[in-house]
Structure formats: C-alpha cells, structure tokens
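Notes follow the structure.
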Amino acid sequence: MRYSSRSFALLLGFFCVVFFHLANAESGLENGNQPLDPVKEFRYKEVLLKSQAAIGNVLSNHSLTDHNGHALSMDDLRGKPLVLSLIYTSCYQICPMTTRHLAKVVDKARAALGEDSFNVAVLGFDAYNDSPQAMIHFARKQGIDNRGWRLLSASPDTINALSKELGFKFFSSPNGFDHITQATVIDAEGRVYRQVYGEVFDTPLLVEPLKELVLGQPRPNQTLLSELINKVRFFCTTYDPARDAYHFDYSLFIGMSIGASIILTGIILLVREFRHGRRSART
C-alpha cells in the first residue's frame with residue numbers, strides 16, 4: 001500500500017500529539033505545565049494564586065537545623081538577600097533537575113553581583129525523611145555540597161507554618177508529593193520579594209530581583225560613595241541572551257560619562273560667556 005505525503009504528515013502529527021499528551025500527563029503539577037486532569041488543573045491555579053499572594057510576607061523566626069545538625073533560625077539567614085528552594089530528597093526527577101538548574105543560575109548571579117552578595121538555602125519539606133544526613137546525600141548527588149549553600153531540615157510543624165508564609169503548597173501522591181516548583185527570593189529583612197517557577201527557568205527571572213536587592217536598594221550604614229558605585233553597577237550590569245550571562249556593559253558607563261562631560265562643558269561655556277558679557281558691559 002502506498003501513502004501520499006499528506007497521509008504521512010497526518011500520521012506523524014497524530015503521533016506527535018499523543019507523545020505531547022503523554023509527556024504532560026506524566027509531568028503533572030510538579031513541573032508547572034498545565035495538567036490534563038481538571039482537578040489537578042484547578043489545584044495548580046489555586047496554589048499559584050496563593051504563591052503570588054505570599055509576596056510581601058515577612059517570615060517568622062522559625063527554628064531550623066543545618067546539615068551538621070546545628071540549630072539555627074530564619075533570623076540567622078537575614079542581613080543578605082536569600083534564595084530559598086524547597087525540595088524533598090526522595091524525589092527522583094523534578095527536584096534534582098530543579099536544583100541542578102538553580103545551581104547554574106546562582107553561579108551566573110554570583111559572577112555578576114559578587115560571591116557573597118546573597119545566600120542560598122535548600123530546605124527539605126518532607127519533615128519525616130529529609131534529615132540532615134538525607135540533605136547531605138541529596139546535595140552531593142546534585143553537586144551543590146561545596147557551593148556554600150545552606151542545607152536545612154525542620155520539624156513538621158515548622159514546615160507547615162513556613163510553607164504557608166512562603167505560599168508553597170505540597171500534596172501527598174502515590175509517587176511522593178505533588179508540589180509547585182518554586183524558588184523564593186527573600187530580601188535582607190526576611191520579606192518575600194519574588195517567586196520563580198519551573199524546574200528550568202530563564203536566567204533573568206532569578207538574577208533581576210537579586211540585582212534589584214543587591215545593587216538597587218541602599219543598605220544600612222552605606223556610604224554615599226558605595227551607594228553611587230552600586231547605582232552605576234546596577235545600570236551597567238546587563239544580560240546578554242547570546243551568552244546567557246550577565247556582564248558589566250562599559251558602553252553604558254562611557255555613554256553616561258560622555259553625557260556628563262557634555263553637560264559640564266556646556267555649563268563651563270555658559271559661565272565663561274556670562275563673565276565675558278559682564279566684562280564687556282563694564283568697558
């Protein structure tokens with residue numbers, strides 16, 4: 001039997017549609033794609049609204065445990081902007097993928113803003129299983145154990161309370177948990193500043209809010225010179241889509257310098273003309 005090119009195209013299109021639906025059905029709520037199940041679709045829209053509503057919340061001083069078993073609190077993480085990602089360590093696909101991508105974007109943010117300009121923490125929300133040892137094992141598998149990230153665990157009550165303040169929702173499922181894939185940017189005072197969604201997201205979605213917090217806002221006891229330098233860095237640090245990286249755009253700085261020189265030269269010429277006019281009037 002011979003097939004026409006049109007029949008072949010229709011058959012190929014059919015297989016593509018089937019593959020697309022199967023992929024979406026498997027990904028579900030975790031990866032942020034629109035689920036096929038109407039119940040999951042409604043649930044996703046609901047948790048997304050709650051996540052956005054959390055922006056502006058000031059986080060309470062919750063008690064946490066680091067990967068060494070030492071106690072710390074949310075207040076200990078204040079003083080610098082914080083990127084906080086909630087995962088569960090038994091997740092075999094989405095959480096590892098999200099964490100590895102987050103690490104790549106964090107490296108780009110640190111290269112642009114400074115190594116110590118902000119903190120990063122990963123919190124295991126499966127309180128009964130995400131022990132400090134489990135967090136260490138997860139961090140090693142994802143290659144984040146030597147990056148200076150905080151690896152955090154907490155009690156069930158703390159997880160529930162902190163999740164509400166962060167706008168982070170999770171649900172038990174046969175495969176572990178369904179949850180919105182979310183990294184939260186928190187300012188130096190512990191206030192939720194921005195939410196970043198998806199296991200793979202565009203670099204500026206995380207770096208831009210960090211840039212605003214690190215360079216765009218004055219800090220306590222900051223000198224006028226330091227604030228001026230940060231303002232220049234803020235306007236001249238730009239994103240290059242071709243390299244998927246941030247760099248200091250000297251052309252903007254040069255342009256501002258030329259503009260300032262032109263204005264200053266104009267002022268000097270006006271002053272000279274004014275003085276020359278006064279001298280001529282006297283003679």
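The values are calculated or read from the model by the stated rules, or taken from the named source; none is laboratory data. Computed from a predicted structure; not experimentally measured. For neighbour counting, all protein chains shown are included, and Cβ atoms are generated from backbone atoms with ideal geometry for every residue, glycine included.
General remarks:
- All positions within region 145-154 that are out of contact with any Leu (no Cβ under 8 Å at 6 or more places or on another chain) and either polar (S, T, N, Q) or buried (at least 20 other Cβ atoms within 10 Å of the Cβ) (or both): 146, 149, 151
- Selection count where residues are in contact with a helix residue (DSSP H, G or I) (Cβ under 8 Å, 6 or more places away or on another chain) and in contact (Cβ under 8 Å) with a residue 24 or more places away in the chain, scope region 139-161: 11
- Pairs meeting the criteria (first residue in region 107-125 and over 18 Å from residue 165 (Cβ atoms) and assigned by TED's automatic domain parsing to the domain that holds residue 82, second residue hydroxyl-bearing (Ser, Thr, Tyr) and assigned to a helix (DSSP H, G or I), beta carbons under 8 Å, at least 6 apart or on different chains) are 108/203.
- A count restricted to region 155-168 and to residues that are of a type outside the set (Ser, Thr, Tyr) and either farther than 30 Å from residue 45 by Cα or surrounded by fewer than 20 Cβ atoms within 10 Å (Cβ to Cβ) (or both) stands at 6.
- If only residues of region 171-214 that are of a type in the set (Ser, Thr, Tyr) and not in a helix (DSSP H, G or I) are counted, the one that is surrounded by the fewest Cβ atoms within 10 Å (Cβ to Cβ) is 172.
- First in region 255-270 and not assigned by TED's automatic domain parsing to the domain that holds residue 232, second anywhere and at pLDDT below 80 and part of a helix (DSSP H, G or I), Cβ under 9 Å, 6 or more apart: 256/232; 256/235
For (1) touching a strand residue (DSSP E or B) at 6+ places or on another chain (Cβ under 8 Å); (2) over 26 Å from residue 202 (Cα atoms), each residue gets a yes or a no:
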{"residue": "63", "(1), (2)": "yes, yes"}
{"residue": "70", "(1), (2)": "no, yes"}
{"residue": "79", "(1), (2)": "no, yes"}
{"residue": "84", "(1), (2)": "yes, no"}
{"residue": "93", "(1), (2)": "no, no"}
{"residue": "97", "(1), (2)": "no, no"}
{"residue": "104", "(1), (2)": "no, no"}
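- Screening residue 115 with (1) modelled with pLDDT of 95 or more; (2) among the charged types (D, E, K, R); (3) farther than 23 Å from residue 60 by Cα gives one miss only, at (1).
- Residue check for residue 164: more than 30 Å from residue 237 (Cβ to Cβ) and over 20 Å from the mean Cα position of the chain (by Cα): no
- In region 93-132, the residue that is farthest from the chain's Cα centre (by Cα) out of those that are of a type in the set (S, T, N, Q) and crowded, with 17+ Cβ neighbours inside 10 Å is 131.
- Qualifying residues in region 66-84 (those that are in contact (Cβ under 8 Å) with a residue 60 or more places away in the chain and either in contact with a helix residue (DSSP H, G or I) (Cβ under 6 Å, 6 or more places away or on another chain) or among the charged types (D, E, K, R) (or both)) - the one nearest to residue 132 (Cα to Cα): 67
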